[in-house]
Each structure stands twice: as C-alpha cells, then as structure tokens.
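The values are calculated or read from the model by the stated rules, or taken from the named source; none is laboratory data. A quick note: this is a predicted structure, and the numbers were derived from the prediction, not measured. Cβ placement follows ideal geometry from the backbone for every residue including glycine, while neighbour counts extend to all protein chains displayed. Surface areas here come from the heavy atoms of the whole protein model, side chains and all, with no ligands, DNA or RNA. Shrake-Rupley method; radii C 1.70, N 1.55, O 1.52, S 1.80 Å.
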Amino acid sequence: MAQYDDKVLHELDGIKEYDNPMPGWLMAILWGSLLFSAAYLMFYALSFGEGTMEAEYRQQTQQSVAAVQAYFDANPLVPPKPAELLAGAGNAAIVETGAARFAKSCAPCHGPQAQGLIGPNLTDDHWLHGGSVEQIFQTVAKGWPAKGMPPWGRALRPEELSALVSYIRSLQGSNPPNPRAPEGEVFAAEPIAGH
Ligand code: HEC
C-alpha cells in the first residue's frame, strides 16, 4: 500500500487511516437533499411561500363552492310546466327515476312509501304548502328550512327534481299502511295526462 502513503491521514498502533473522501457526486446528493428539505420545510411547514397545504386546501374548497354558487346564479332553476310534471306521473321511466331518488333522499323523513314520518304524508290529499304539481315543485326545490324540509334545488339535477314531483303525484291516493295523520288543506289532485 506504499503508493497510498501520501494519503495517510493518521496512524495508530500500525493501523493507517487513509484520507479517502466520499465521491463528489454522493456529496452533491447529500447536500442537495439537505438544502431541498430545508427549503421544503420553510415553504410548506412554516408557510414562507404560498402558505400551508391546509390553507391551500381551504382556498381551493372556497373556490369550488363559489364556482357552484356562480353556476346556479347564472343558471336559475326554471320550473317545468305543470303539464310536463303531470305527464311524467304517467310515465313509468320517469316515475322510476323519481322513486329511486325518493328512496335515497326523502324516505328517511317521509317514510319509504311517502306515508309520512318526521315529514308529512305525501300520498293523501292534504297539503301544508299546496298540492298542485307547481307548488310541490317549489316546495321540493326551495324547501321550508325553518320547518325542517331541506331545499333540493341546488343539490339535485333539474330532471331529478321533476321526476320526484311526478313520482309524488303518482302516489296520490295510494293509501300506504301506517300513514301519518293528514295535515293542512285539502287539494284535489290534478289529472295525470293521458289518464
Ligand atoms: C330532514 C327531513 C326531510 C327530508 C330529508 C325531506 N323532507 Fe320533505 N318535509 C320535511 C318536513 C318536516 C316537512 C314539513 C314542513 C312544514 O311543516 O312546513 C316536509 C314537507 C315536504 C313537502 C310538502 C308537504 C305538504 O304537505 O305541503 C313535500 C312535497 C316534501 N316535503 C317533499 C320532499 C322530497 C321530494 C324530499 C326528497 C328530495 C324530501 N321532502 C326530503 C322533512 C324532510
């Protein structure tokens, strides 16, 4: 090992330690990752840059909520014509669509057969807020939040809202078991188109 003697750093009890530094590329990776982690820590954890990931998340959530609001403001819900809603009540596919949505969103409060639970019976001829398909559409779209009926106009697609109203109209007089007692004024159901 004589050719390396100029590289001897020190010698102890005949054991020589050579001056054999880590190769430059490895040191570059080491220093590079140290610098990167310091910058990363400052930028994200200590929010020297754009802000914390949490703030960024909150900002993006706000942006998408605002975008949804703006969409609905620019595209106000157009109530369908009563004739369309009544025709839907005689259309099996539309009634099916309404029934599927009702089971998911409405049955918990109005009962699986709309017989009434927390919310009123929707199958009888008594109505708190009017029983014309036009009035039912308004009730479902805008809700009566103070009375516990949520608004659905910004949660459901317009065709689902219409299908719900047609479905409710199709249930008139279905007399499900264990109905909730009638509430409100009597309204004679409008005829379903084609019946
Ligand atoms: C969190 C419970 C709840 C949910 C969910 C709910 N409702 Fe209601 N709904 C109510 C309550 C409570 C009322 C009665 C409001 C009042 O007393 O003015 C009501 C009233 C109504 C009325 C008016 C009834 C009348 O007599 O005039 C209709 C129609 C109606 N809901 C349809 C729906 C539809 C369709 C859905 C699903 C998209 C739905 N509701 C989901 C609680 C609910």
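Some notes on this structure:
- Subset tally (residues that are within 28 Å of Trp152 (Cβ to Cβ), open to solvent by less than 70 Å² (accessible area, probe 1.4 Å) and not β-branched (Val, Ile, Thr)) for the range 45-74: 5
- Qualifying residue in the range 166-186 (condition: touching a Pro at 6+ places or on another chain (Cβ under 8 Å), farther than 14 Å from Ile136 by Cβ and open to solvent by 60 Å² or more (accessible area, probe 1.4 Å)): yes
- Residues satisfying the stated conditions in the range 132-158, i.e. in contact (Cβ under 8 Å) with a residue 24 or more places away in the chain, more than 8 Å from the ligand (Cβ to nearest atom) and surrounded by 14 or more Cβ atoms within 10 Å (Cβ to Cβ): Ser132, Val133, Glu134, Phe137, Gln138, Ala141, Gly153, Pro158
- For the range 8-19, the criterion of being open to solvent by 90 Å² or more (accessible area, probe 1.4 Å), out of contact with any Phe, Trp or Tyr (no Cβ under 7 Å at 6 or more places or on another chain), in a helix (DSSP H, G or I) and outside the structural domain of Glu159 (by TED's automatic domain parsing) is satisfied by no residue at all.
- Of all residues making up the range 84-109, the number that are over 20 Å from Arg180 (Cβ atoms) and open to solvent by 70 Å² or more (accessible area, probe 1.4 Å): 4
- Test: residue in the range 172-186 that is modelled with pLDDT under 95 and within 10 Å of the ligand (Cβ to nearest atom): no
- When Gly119 is tested against (1) open to solvent by 60 Å² or more (accessible area, probe 1.4 Å); (2) in contact with a strand residue (DSSP E or B) (Cβ under 7 Å, 6 or more places away or on another chain); (3) within 6 Å of the ligand (Cβ to nearest atom), exactly one condition is not met: (1).
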